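Here is the structure we will look at, set down as structure tokens.
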Amino acid sequence: MKTKNYFFNFRFVSLILIILSHSYIYGLNYSISFTGSGASTNIESVVVRNLTRGTTVTVPSGNVLNLTDITTSSDYIANSNADGIKVFPNPISENAMISFYAKQSGNTQISAYSLDGRMITKIEENLLEGYSKFNLSLPKGIFLIKVNGNGFSYHAKVVSESANNHLANISNSSSEQNKSKLQKTNNTATTMYYSAGDQLHYKGISGNYSCIIADRPSESKTVDFEFVECRDGDNNYYTTVKIGNQIWMTENLKTTKFNDHTDISLVTSNSTWSTLTTSAYCWYNNDETTSQNKKGALYNWYAVNTGKLAPIGWRVPSVDDWETLKTYLTNNGFNYDGTYGGDLYRTAKSLASNVGWEYSSEIGAVGNNDFFRYQNITGFEAIPCGYRNNSGGFYSYTNRYSIWWTSTERLSSGAWYRYLQYLDSAIAGTYENKKPGYSVRCIKN
């Protein structure tokens, strides 16, 4: 009796494993295409980061992003990143596209084989060196695609879910008269492993323009980058991100000139800094090499108050601008635990980069590794930069604080600022006299 039960349980478990395995093979498969608008309609590349998994891929111009939850190095869609060949989509629902790079001109064979080694279809073409693409249709099943050319050979495994195709076929995607010419691929795919709910950032790049879009896709779609110019007095260009109805810089300002191209005074002396009542900037620890491209510059409020510090078309945000941002975040699921509403003290993690911060054990704090999937989900990319104090001009807390001036004055002696710190979950703020050196982020007019 025990043996019978054991046999039954073994068969039952085996059946469940087969079902789960089958479901895994035919997992999600989203196709994300990209367009540009605003200052540029051309997209040179898209850098895609999966923040949840810590992975990055670059999607070249003309490619689409293929998101799939099917993995393994020798599994059914490892071929999507195979060197030199791509099959998209994979799994195949009806038809697919094979694309590859012919390293030398000459006769090329493209074949499809069943798992038992039978060749089920083949095509031969005389190709020139470069990219070529072919249409592919297959009956339902798992197949091996082989490409053999003059000095090159590729292979890829594919899964076909087709319920309609009973015959296998490979055909050149170009017209008959162009079959022997170079085939240029304008719709190949770059594949990234993705599970439902993973947080992605797309960084679209077009010449000097770049912007970030945060996304958790649940279907195939087109993502449009709205490129806007953000160029300072030194002609540095900045990446931007749209959060709600606001467009922010994703980097701290690093200009050494006002937007009329006049110089801002660089002050390295601690004693001089602490007594200034005129515009000035500095680099943390007077280290321009480290600070310029990572942290940006530190400015006193006298520089902010000139009205010429921000790039043309941009401004140093006011207290009201920051309150608008905080309200949007807390009302739209950007609290550190993904909740909506409540107080305004749980959104700092959504702005903070996941690198550089000193560790904190406080729940939901910027420096805590808890609720990791909500870290930097806005794409704001705040990193800890420290500051230069007003008493003695010393530099402090480079891994603990990110502090930004606002444009809002408090009486004649002080001004307001906003900050993130490693041991807190809030976007906080208070006021100080106008002499400290703080970072500056700008917002589009």
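The values are calculated or read from the model by the stated rules, or taken from the named source; none is laboratory data. Fair warning: this is a prediction, and the values are worked out from it, not measured in the lab. Using ideal geometry, Cβ is built from the backbone for each residue, glycine included, and neighbour counts are taken over all protein chains shown.
The table for this structure:
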| item | result |
| --- | --- |
| Filter result (part of a helix (DSSP H, G or I) and surrounded by fewer than 21 Cβ atoms within 10 Å (Cβ to Cβ)) within segment 261-275 | ASN270, SER271, THR272, SER274, THR275 |
| Residue identified as in contact with a Gly (Cβ under 8 Å, 6 or more places away or on another chain) and not small (Gly, Ala, Ser) among ASN293, ASN331 | ASN331 |
| Leading residue by the ranking (modelled with the lowest pLDDT) among those in segment 28-63 that are over 15 Å from SER210 (Cα atoms) and part of a loop (DSSP other than H, G, I, E, B) | LEU28 |
| Pick from segment 348-360, criterion over 12 Å from ASP337 (Cα atoms) and not hydrophobic (A, V, I, L, M, F, W, C), ranking: surrounded by the fewest Cβ atoms within 10 Å (Cβ to Cβ) | TYR359 |
| Condition met for THR278 (over 24 Å from LYS203 (Cα atoms) and either part of a helix (DSSP H, G or I) or not assigned by TED's automatic domain parsing to the domain that holds LYS203 (or both)) | yes |
| Within segment 103-128, considering residues that are among the acidic types (Asp, Glu) and surrounded by fewer than 16 Cβ atoms within 10 Å (Cβ to Cβ), the one farthest from GLY84 (Cα to Cα) | ASP116 |
